[in-house]
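Here the structure is laid out as structure tokens; the discussion comes afterwards.
The values are calculated or read from the model by the stated rules, or taken from the named source; none is laboratory data. Since the model is a prediction, treat every value here as computed from it, not as a measurement. Neighbour counts are summed over all protein chains in view; Cβ atoms, including those assigned to glycine, are modelled from backbone coordinates with ideal geometry. Heads up: the accessible areas ignore ligands, DNA and RNA and are worked out on the full protein's heavy atoms, side chains in. Shrake-Rupley method; radii C 1.70, N 1.55, O 1.52, S 1.80 Å.
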Amino acid sequence: MTALEKYQAERSCISEALKLAGLTEILYNKDNIPKSLPCAILILDSETGKNGTSRQYVSTDLAWTVFLIVNAQNVSDPDSELYSLKEKFRSYYQKLMNRDLPSVEYYTSRIDGTRLVRIAKIDLLKTGIGAGS
């Protein structure tokens, strides 16, 4: 499998897990502003060479970051909605990728400078992190 094929396969599986979790809007550019909530942003975070020879790396590990975003404006319990969405994504991600979520960070932010949102930042497939490493 080439590096490009690995990239496409991993991105496709992560996107499929997000779709199965009920997210209809999945963005691939962190700077894009979502039109509807809840939504997800999936970005390639880093690439680490592995199994090096004297001239090149035989393979690479790709690290992805997923941002799950839910509305927090005039909502009584946005954390509950966000946690439920994260758990749905987690179950499908485990089935498709045979790995668990190594790290989740929760925080409040604003999109458009006005809309209050809750965000779960999930780091995926980092080398040496999580149950799948």
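Counted residue by residue at 0.36 nm each, then reduced by the alpha carbon distance between them, the extension gain from LYS95 to LYS35 reaches 18.7 nm. Per-residue accessible area (protein heavy atoms, 1.4 Å probe) orders VAL70, VAL104 as VAL104, VAL70, starting from the largest.
Among the lysines of the chain, pairs that are 8 or more positions apart or on different chains and have alpha carbons within less than 16 Å of each other number 10. The Rg/Rh ratio for the chain is 1.02, where Rg is the radius of gyration of the alpha carbons and Rh is the Kirkwood radius. Across all C-alpha atoms in region 12-53, the radius of gyration and Dmax reach 13.8, 47 Å. Accessible surface of region 54-111, 1.4 Å probe: 41 percent of it comes from carbon and sulfur atoms. Surface listing: TYR83, TYR92 arranged by accessible area from highest to lowest gives TYR83, TYR92, probe 1.4 Å.
Over the chain, DSSP H runs of length four or greater, each weighted -39,500 (n - 2.57), average out per residue to a 222 nm ellipticity of -10000 deg cm²/dmol.
Going 7 Å from the Cα of ARG110 in the Cα-to-Cβ direction, what parts of region 59-96 have a backbone nitrogen less than 15 Å from that spot? Output list for this probe position: 72-74. Just need log10 I(q)/I(0) for region 43-121 at q = 0.19 Å⁻¹, Debye formula, equal scatterers on the alpha-carbon atoms, no solvent, rounded to two decimals. Each listed q maps to, in turn, -0.88.
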